[in-house]
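Chemist: The structure under discussion is supplied below as structure tokens; questions concerning it will follow.
The values are calculated or read from the model by the stated rules, or taken from the named source; none is laboratory data. The structure displayed is predicted, hence computed values, not measured ones. We place every Cβ from the backbone using ideal geometry, glycine too, and count neighbours over all the protein chains shown. Ligands, DNA and RNA are stripped out before the accessible areas are found, and what is left, the full protein with its side chains, is counted by its heavy atoms. Shrake-Rupley method; radii C 1.70, N 1.55, O 1.52, S 1.80 Å.
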Amino acid sequence: MRLFDNSAGPIGLDVGRSTIRMIQLAFRADKISVIAAQKADVPLDLPDDEAVRTYTVQAIRRMCAEGGFSGREVVSCLSADSLKIKSLRLDTTDPAQIEGQLKMEVAQRFGLDAAVDEIRYMIAGSVYQGEEIKNEVVFFGTDCQSITRHLSLLEEAGLVPIALDAVPCALFRSFQASLRRHEDQRLVSVIVDVEDLYTTVIIARGQEIIFVKQIPVAAARLTMEVASRLGISAEEARLLRTKLKDDADSVDPVTRQAVIDAMSHVTEELAKEISLCFRYYAVTFRGQRPTEVVFAGGETDETTLLNALRRHLGVQVSVARPLRGIDVGNTVINRRRNVEMSEWAVAVGLGLKGADLAACGLAGYERN
């Protein structure tokens with residue numbers, strides 16, 4: 001009957017280097033529920049990018065066949081390493097001049113061609129630079145080859161892409177529903193998403209993103225440090241880290257301490273980088289100080305990282321719950337050991353974008 005379920009939105013697909021997540025939401029009146037959810041791990045010892053691509057395509061096909069998804073329309077996001085994101089200060093507030101300046105000057109700085117590549121921006125607001133008032137914008141850019149490669153991967157996997165998104169936008173969308181009360185419109189929110197290759201930091205005021213930073217320190221670095229320290233493969237290190245999270249007592253104390261020691265300087269480095277984002281916000285916007293950080297992604301159960309964040313940031317750090325208020329029913333997502341299900345934040349945000357497109361009558365036509 002799901003083949004004829006008009007309440008089903010497009011599939012939200014989050015493709016990472018080590019993990020693929022697919023989720024599909026249904027929208028009935030004021031209720032949102034999960035129709036299907038699937039997750040697949042990608043081996044870290046595959047020989048090259050082509051092998052990773054082949055494995056990814058096969059995994060998506062398998063999840064589509066076995067997961068009970070309705071239809072094959074999908075909203076996905078570009079990988080973090082294919083995006084260029086930068087906060088910039090401009091003299092103008094005129095949209096035409098902003099776009100022209102970004103295309104002529106900034107795009108070239110990142111090696112992009114405005115005639116064929118994709119250039120986007122969002123306005124963060126007015127900021128002081130000395131005695132002058134500047135217009136802060138967040139620049140997003142990507143080359144057309146990255147878009148083409150990602151679209152071809154989706155189509156090879158048997159999916160019909162209706163939209164592409166950026167990780168920060170999908171991530172924030174999964175939290176927007178909880179920021180719609182009148183008293184939240186000036187609330188400063190901070191979301192930190194630790195994924196495979198990059199950590200994404202978002203600072204928002206009410207419903208508006210005002211700062212985005214992608215830090216090239218994330219789960220892959222933690223795993224590689226453990227592999228190097230213990231003299232094992234990356235895949236073995238990942239399995240060992242998972243075992244420690246699931247049942248630390250099953251790992252002998254010496255090995256457990258070696259893993260913690262191997263990760264310690266990376267977690268400290270990442271926490272310091274995130275604290276610099278706080279400092280930039282405080283100096284640039286001079287507004288209300290964030291009082292809480294919401295921690296999302298696949299590393300929210302890594303206690304060493306959580307503790308490092310708490311030490312460096314000096315604020316409360318809570319674990320994201322992107323599926324709060326959404327009925328997960330009997331889907332596989334309900335049996336995950338992490339009850340917050342924080343690693344699904346990006347996929348949920350993609351699924352919600354699909355719902356917005358469908359509501360506007362754009363599903364099947366939108367290509368941006």
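Chemist: Quick one: in region 234-251, which of the residues that are in contact with a Leu (Cβ under 9 Å, 6 or more places away or on another chain) and open to solvent by 50 Å² or more (accessible area, probe 1.4 Å) is farthest from Asp41 (Cα to Cα)?
Modeler: Within region 234-251, the match that is farthest from Asp41 (Cα to Cα) is Ser250.
Chemist: Considering each residue of region 52-75, count those that are aliphatic (A, V, I, L, M), farther than 13 Å from Ile20 by Cβ and in a strand (DSSP E or B), and give that number.
Modeler: Residues meeting the conditions: 1.
Chemist: Just the residues that are of a type in the set (D, E, K, R) and modelled with pLDDT of 95 or more, please, taken from region 53-71.
Modeler: Arg53, Arg61, Arg62
Chemist: Kindly indicate whether any position in region 15-28 is part of a strand (DSSP E or B), of a type in the set (Ser, Thr, Tyr) and in contact with a strand residue (DSSP E or B) (Cβ under 7 Å, 6 or more places away or on another chain).
Modeler: Looking for residues that are part of a strand (DSSP E or B), of a type in the set (Ser, Thr, Tyr) and in contact with a strand residue (DSSP E or B) (Cβ under 7 Å, 6 or more places away or on another chain), one finds at least one in region 15-28, hence yes.
Chemist: Hey, can you tell me all the residues within region 220-253 that are acidic (Asp, Glu) and in contact with a helix residue (DSSP H, G or I) (Cβ under 8 Å, 6 or more places away or on another chain)?
Modeler: Of everything in region 220-253, those that are acidic (Asp, Glu) and in contact with a helix residue (DSSP H, G or I) (Cβ under 8 Å, 6 or more places away or on another chain) turn out to be Glu225, Glu236.
Chemist: Return the only residue of Asn307, Asn330 being exposed (fewer than 15 other Cβ atoms within 10 Å of the Cβ), closer than 23 Å to Leu270 by Cα and not aromatic (Phe, Trp, Tyr).
Modeler: Asn307
Chemist: I'd like to verify a number: residues in region 186-217 that are open to solvent by 10 Å² or more (accessible area, probe 1.4 Å), under 16 Å from Lys86 (Cα atoms) and either among the basic types (Lys, Arg) or not in a loop (DSSP other than H, G, I, E, B) (or both), how many?
Modeler: So the count comes out to 4.
Chemist: Name the residues in region 1-23 that are of a type outside the set (Ser, Thr, Tyr), modelled with pLDDT under 95 and within 19 Å of Ala347 (Cα to Cα), would you?
Modeler: Within region 1-23, Ala8, Gly9, Pro10, Gly16, Arg17 meet the criteria.
Chemist: Just the residues that are in a loop (DSSP other than H, G, I, E, B) and either farther than 20 Å from Leu164 by Cβ or open to solvent by 60 Å² or more (accessible area, probe 1.4 Å) (or both), please, taken from region 83-102.
Modeler: Hits for region 83-102 are Asp91, Thr92, Thr93, Asp94.
Chemist: Which pairs do you get when a residue that is among the aromatic types (Phe, Trp, Tyr), found in region 42-60, comes within reach of a residue that is assigned to a loop (DSSP other than H, G, I, E, B), reach meaning Cβ atoms under 9 angstrom, with the pair 6+ apart or on two chains?
Modeler: Listed pairs, sorted by first residue: Tyr55/Val42; Tyr55/Pro43; Tyr55/Leu46.
Chemist: If I go through region 298-314 residue by residue, how many of them are touching a helix residue (DSSP H, G or I) at 6+ places or on another chain (Cβ under 6 Å) and not in a helix (DSSP H, G or I)?
Modeler: So the answer is 4.
Chemist: Which residues, counting only those in region 195-220, are farther than 23 Å from Asp41 by Cα and over 12 Å from the mean Cα position of the chain (by Cα)?
Modeler: Within region 195-220, Ile203, Ala204, Arg205, Gly206, Gln207, Glu208, Ile209, Ile210, Phe211 meet the criteria.
Chemist: Filtering region 141-158 down to residues that are open to solvent by less than 10 Å² (accessible area, probe 1.4 Å) and either hydrophobic (A, V, I, L, M, F, W, C) or touching a His at 6+ places or on another chain (Cβ under 7 Å) (or both), which residue is nearest to Phe110 (Cα to Cα)?
Modeler: Filtering region 141-158 for residues that are open to solvent by less than 10 Å² (accessible area, probe 1.4 Å) and either hydrophobic (A, V, I, L, M, F, W, C) or touching a His at 6+ places or on another chain (Cβ under 7 Å) (or both), the one nearest to Phe110 (Cα to Cα) comes out as Leu154.
Chemist: Identify all residues within region 114-125 that are open to solvent by 50 Å² or more (accessible area, probe 1.4 Å) and either at pLDDT below 90 or within 19 Å of Thr284 (Cα to Cα) (or both); write none if there are none.
Modeler: If the condition is that a residue be open to solvent by 50 Å² or more (accessible area, probe 1.4 Å) and either at pLDDT below 90 or within 19 Å of Thr284 (Cα to Cα) (or both), then Ala115, Tyr121, Ile123 are the ones that fit.
Chemist: Suppose we keep only residues that are over 14 Å from Gln176 (Cβ atoms) and not in a loop (DSSP other than H, G, I, E, B) within region 339-356. Which one would you say is modelled with the lowest pLDDT?
Modeler: It comes out as Gly354.
Chemist: Can you tell me which residue within region 29-51, out of those that are assigned to a loop (DSSP other than H, G, I, E, B), open to solvent by 50 Å² or more (accessible area, probe 1.4 Å) and not hydrophobic (A, V, I, L, M, F, W, C), is farthest from Leu153 (Cα to Cα)?
Modeler: Asp30
Chemist: Test of understanding: among Val317, Val293, which residue is out of contact with any Cys (no Cβ under 6 Å at 6 or more places or on another chain), open to solvent by less than 30 Å² (accessible area, probe 1.4 Å), of a type outside the set (Lys, Arg) and touching a residue at least 60 places away in the same chain (Cβ under 8 Å)?
Modeler: Answer to the check: Val293.
Chemist: Anything in region 126-140 that is open to solvent by less than 20 Å² (accessible area, probe 1.4 Å) and at pLDDT below 90? List them, or say none.
Modeler: Val127
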